[in-house]
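Please read the structure below before turning to the comments.
Every number in this text was worked out from the coordinates using simple rules, so none of it is lab data. It should be emphasised that the depicted structure is a prediction, and the values quoted were computed from it without experimental measurement. Cβ coordinates were reconstructed from backbone atoms using ideal geometry, including for glycine residues, and neighbour counts include every protein chain displayed.
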Amino acid sequence: MNDILLFTLLTLCLLAIVLAVVLYFVAQKFKVIEDPKIDLVEDVLPKANCGGCGFPGCRNFAEVTVKAANENNSLGDLNCPVGGNEVMKQVASILGLEVQEKDPLIAVVRCNGSFAHSPAKVRFDGPASCAFAHQLFAGEGGCQYGCLGLGDCVASCIFDAIHMDATTGLPVVNDLCTACGACVKACPRGIIELRSKGKKDRRIFVSCINKEKGGPAKKNCEAACIGCSKCQQVCPHDAIVMANNLAYIDFVKCKLCRKCVEVCPTDAIHEINFPPRKPKLEYTETNTQPPGGHDRLEKVQPVQNKTVDIE
Amino acid sequence: MMKLATFRIGGVHPPENKLSANEPIIRLPLPKQLVIPLSQNLGAAPKPVVKKGDEVKKGQLIARGEAFISANLHAPASGKIAKIDDAVDSSGYRRMAIFLDVTDDEWMEGIDSTDELIHQNLPSSEVIRERIKEAGIVGMGGAAFPTHVKMMIPEEKKAEVLLINGVECEPYLTSDHRLMLEKTQEIILGIRILMKAIDVKRALIGVENNKPDAINRLQQFCNADNGIEVHALKVKYPQGGEKQLIKALLGREVPSGKLPIEVGCVVSNVGTAFAVYEAVQKNRPLIERVVTVTGKKLTKPSNFLVRIGTPMSALIEAAGGMPVDTGKIVNGGPMMGKALPTTDIPITKGSSGVLLVDQSESRRSTPNTCIRCARCVTVCPMGLEPYLLARISKLSLVERAEKERIMDCIECGSCQYTCPSALPLLDYIRLGKQRTASYLRNRK
């Protein structure tokens with residue numbers, strides 16, 4: 001009996017030693033040499049694995065950045081929108097490079113077809129999926145460009161940054177948004193856009209993507225852009241483009257002067273996080289055409305540092 | 001009694017509710033304005049050849065199908081083109097349409113306006129195909145696939161038999177049934193024309209056994225001379241599906257992803273056969289069709305012969321007006337039809353019925369979780385696994401969906417009809433099909 005036990009133990013030990021030696025040589029032969037910088041870069045990344053950078057995960061992004069740094073000696077367009085400038089600076093310092101500061105972006109919902117503005121004419125009782133409803137019909141309010149309100153964007157967000165507002169039926173983006181772009185892809189109508197966060201979180205944008213002519217657009221939604229181009233005429237910075245009966249504000253050129261907001265007849269242009277306006281009468285009396293009039297206005301009125309969601 | 005033929009796997013038997021089966025076809029008066037959507041056929045939309053302000057005669061070409069899969073459009077009445085603009089059509093979206101202000105109902109010259117039956121002088125198959133193409137005929141069963149494309153048989157293939165679909169398995173709808181009763185001889189002639197066009201000696205008409213009058217009537221005109229046979233089929237949905245009909249009538253199975261010509265068949269609807277007769281023998285383009293207007297609460301469920309472009313509201317008005325508690329207006333039958341957002345939507349070549357469902361029946365039940373009872377698998381006539389396809393589609397796993405043969409789904413809705421948990425199976429499968437189709441297109 002003892003002999004069998006001894007024999008078994010010895011065989012197993014011998015086998016273990018032999019295999020260990022084999023494994024050692026195999027490991028040497030097939031060793032994967034990885035740049036240690038990849039691990040360092042990965043450590044500073046947010047590890048959300050959201051795909052906002054365009055790569056499948058943070059590890060892959062780290063590999064790509066290190067590769068780019070080694071080959072081109074620059075990071076090019078590589079950017080982690082979630083980490084923002086801070087993380088990209090750290091990444092660059094690990095790789096011994098410099099990065100250009102990028103404007104932080106935020107998701108903006110360009111539809112104002114709330115229950116009040118675009119009352120439901122029919123009721124949809126199919127599965128709660130925008131993608132499905134989109135292939136079926138124009139929408140409860142009748143606008144074929146507008147928000148379907150079934151929350152595909154909410155389901156796609158892993159940062160809890162977008163919610164449906166029960167009173168308006170439209171999605172609302174909050175400060176947690178990292179501009180990863182998941183909701184932009186999830187929206188079958190392409191309503192959500194990544195726009196510059198703007199100075200002091202202030203933004204101006206056309207909250208409508210209806211490409212129809214004024215009449216049909218207005219018929220379905222009170223707050224639709226009717227393509228009247230008043231905003232384009234009043235814009236001193238040439239930031240507004242008119243195409244397909246629709247105004248679009250270029251956020252790179254826009255200086256946040258708010259002139260377009262005032263002239264829009266359907267209130268389709270939205271301003272966010274601006275201090276309340278002075279009464280209009282006083283405003284026109286004191287400065288008819290002041291250069292950079294709104295800077296002055298801000299100085300007079302202390303900025304209220306509050307975050308307001310999309311109105 | 002001999003056991004009736006049917007297809008092998010799956011199928012359901014929803015309540016038939018053929019309320020308008022005994023109502024003769026009535027010609028509806030012309031409305032003041034017709035709205036003719038450009039995209040009425042499967043494939044590319046035809047291009048308009050008229051412009052605003054043009055005077056057109058009934059039967060005149062107003063849009064030409066230039067692409068390979070496309071169909072011509074003709075003026076359904078004489079009048080003036082008011083505008084070419086967007087209008088909401090049965091897709092639920094605003095799309096290009098021709099607005100025609102109707103002045104009178106005079107046919108264009110060169111069109112036989114009599115009701116006289118023309119038996120003689122069937123033209124050659126090339127001429128038949130050309131006339132079918134010119135007349136803009138599409139499959140009248142619902143899918144609206146251009147008929148002239150179907151008639152073009154690839155050189156290496158050979159059609160052996162023509163199958164005529166008189167099944168009308170959708171509950172409520174009776175337009176094909178009435179057409180078979182009232183236009184029997186025209187349909188038989190249309191079938192003979194189609195047989196000549198594809199050069200076959202045999203044609204089988206499949207009719208479900210719930211229409212014995214139609215079967216008897218058709219039988220009177222079928223004999224060994226013309227090679228047309230009528231077959232009574234067991235009542236089972238979706239027997240009107242192309243592949244199901246082939247299985248029921250011939251026992252042949254169309255391979256996955258292939259067309260009926262693979263097993264030597266060409267399938268056409270009775271409505272199409274009638275339209276073909278009109279086009280070839282009378283030179284009349286396809287400008288009108290029979291539409292069933294039905295619903296349990298409707299005072300007068302009827303079958304109307306209407307011009308393409310007539311708004312559905314006119315049909316509902318003629319059938320006794322919209323009942324107060326209407327919950328849904330469905331374009332087509334209850335199984336495959338689509339709920340519409342408004343009644344201003346025009347009738348197109350593919351609309352076979354307008355169904356008004358009352359509120360109590362129209363609401364969907366709240367979906368529960370899948371209990372894995374596999375009833376959907378049992379009833380799927382294509383042998384698919386709907387619960388799995390729905391789940392895959394929800395997660396957008398297109399490659400997996402392709403492996404699970406999602407593209408074979410005929411969207412009959414049997415799975416959703418039978419699901420005890422009221423899951424929106426077909427809704428998700430449709431979405432998945434669309435995504436898979438675009439994935440397959442991009443891969444090419």
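For residue A:172, the residues whose amide H sits under 5 Å from its own are A:163, A:164, A:165, ignoring neighbours fewer than 5 places away on the same chain, with H placed 1.01 Å from N.
The ellipsoid equivalent to the alpha-carbon distribution of the stretch B:30-102 has semi-axes of 19, 15, 10 angstrom, derived from the gyration tensor eigenvalues as √(5λ) and listed largest first.
Just need the Rg to Rh number for the stretch A:36-95, please, alpha carbons only, Kirkwood Rh.
0.90
Among B:33, B:281, B:359, the largest mean-square fluctuation in a Gaussian network model of chain B (Cα springs under 10 Å) belongs to B:359.
Overall, the anisotropy analysis places the stretch A:1-137 in the oblate class: the square-rooted eigenvalues a ≥ b ≥ c of its C-alpha gyration tensor yield a/c not less than 1.5, with a/b not exceeding b/c.
The mean number of Cβ atoms from other chains found within 10 Å of a Cβ in peptide B:431-439 is 2, as a whole number.
The Rg/Rh ratio of chain B, with both radii computed over alpha carbons and Rh defined as the Kirkwood radius, is 0.95. The alpha carbons of the stretch B:125-282 give a radius of gyration and a Dmax of 14.3, 41 Å, in that order.
With a 10 Å cut-off around each Cβ of B:422-428, the average count of Cβ atoms from other chains is 3.
Its Kirkwood hydrodynamic radius, worked out from the mean inverse distance over all distinct Cα pairs, puts the protein assembly as shown at 30.4 Å.
Cβ-to-Cβ counts within 10 Å put B:88, B:127 in ascending order as B:127, B:88, the fewest first. Residues in the stretch A:146-156 carry Karplus couplings, in order, of x, 5, 8, x, 9, x, 5, 5, 5, 5, 7 Hz; the curve used is 6.51 cos²θ - 1.76 cosθ + 1.60 with θ = phi - 60°, and Gly or Pro positions show x. Between amide H atoms placed 1.01 Å from N, distances below 5 Å from residue A:205 occur with A:270, all of them 5 or more places distant or on a separate chain. Each peptide in B:171-181, B:434-444 receives the mean, over its residues, of other Cβ atoms within 10 Å, and ordering these scores from highest gives B:171-181, B:434-444.
Using alpha carbons only, how many angstrom separate the centre of the stretch B:26-80 from the centre of the stretch A:112-139? So the separation of the two Cα centres works out to 31 Å.
What ranking of B:360, B:113 emerges when the number of other C-beta atoms within 10 Å of each C-beta is taken as an exposure proxy, fewest first?
Values: B:360 10, B:113 14.
Taking fewest neighbouring Cβ atoms as first place, the list is B:360, B:113.
Just so you know, the averaged projected area of the alpha carbon convex hull for the stretch A:131-213 sits at 6.1 nm². Counting only aspartates and glutamates at least 8 places from residue B:433 when in the same chain, those with an alpha carbon closer than 15 Å to its own are B:385, B:399, B:402, B:404, B:408, B:411. The GNM of chain B, with springs linking C-alpha atoms under 10 angstrom apart, assigns the highest mean-square fluctuation among B:365, B:414, B:352 to B:365.
I'd like to know how the stretch B:290-362 sits against the 2.2 N^0.38 Å rule of thumb: what's its Cα Rg over that expected value?
Numbers: Rg = 10.8 Å, N = 73, 2.2 N^0.38 = 11.2 Å.
Dividing the Cα Rg of the stretch B:290-362 by 2.2 N^0.38 Å gives 0.96.
Let a ≥ b ≥ c be the square roots of the eigenvalues of the Cα gyration tensor of the stretch B:156-243; is it rounded (a/c under 1.5), or, if not, prolate (a/b larger than b/c) or oblate? Because a/c hits 1.5 or more and a/b fails to exceed b/c, the stretch B:156-243 counts as oblate. When shorter helices are ignored and each DSSP H run of at least 4 residues is given -39500 (n - 2.57), the per-residue value for chain B at 222 nm works out to -8000 deg cm²/dmol. Isolated cysteines of chain B, defined as having no other cysteine beta carbon under 4.7 Å away, are B:169, B:222, B:265, B:370, B:373, B:380, B:409, B:412, B:419. Going by a ≥ b ≥ c, the root eigenvalues of the Cα gyration tensor, does the stretch B:259-313 fall in the rounded group (a/c under 1.5), the prolate group (a/b larger than b/c) or the oblate group? The shape class here is oblate. Backbone amide hydrogens, once placed in the peptide plane, bring residue B:5 within less than 5 Å of B:234, excluding anything fewer than 5 places away on its chain. Using θ = phi - 60° in the Karplus curve 6.51 cos²θ - 1.76 cosθ + 1.60, the 3J(HN,Hα) couplings for the stretch B:47-56 round to 9, x, 10, 10, 10, 3, x, 5, 8, 10 Hz; x is entered for Gly and Pro. Comparing A:233, A:90, A:28 in a Gaussian network model of chain A where C-alpha atoms under 10 Å apart are linked, the largest mean-square fluctuation is found at A:28. Convex hull volume of the C-alpha atoms in chain A, normalised per residue: 234 Å³.
When only alpha carbons are used to place a centre, the stretch B:135-150 and the stretch B:404-433 end up 25 Å from one another.
Pull out the extension gain between residue A:48 and residue A:73, defined as 0.36 nm times the separation in residues minus the alpha carbon to alpha carbon distance; nm, one decimal. Here the segment from residue A:48 to residue A:73 would lengthen by 6.4 nm. DSSP bridge analysis restricted to the protein assembly as shown gives an antiparallel fraction near 70%, rounded to the nearest 5. For chain B, a crude dipole built from +1 on the beta carbon of Lys and Arg and -1 on the beta carbon of Asp and Glu, taken about the Cα centre, is about 1460 debye to the nearest 20. Among the listed pairs B:47/B:150; B:236/B:258; B:47/B:338; A:185/B:47; B:258/B:349; B:247/B:282, a Cα-Cα separation exceeding 29 Å is found for A:185/B:47; B:247/B:282. Arranged from fewest to most other beta-carbon atoms within 10 Å of their beta carbon, A:167, B:184 become A:167, B:184.
Of A:89/A:197; B:211/B:300; A:89/A:255; A:218/B:58; B:18/B:133, which ones are farther than 31 Å apart at the Cα? Result: A:218/B:58; B:18/B:133 exceed 31 Å.
Each principal axis of the stretch B:375-443 carries a Cα extent, and these read 37, 20, 16 Å when sorted largest first.
Partner shielding of A:130-138 amounts to 6, given as the average count of beta-carbon atoms from other chains within 10 Å of each residue beta-carbon.
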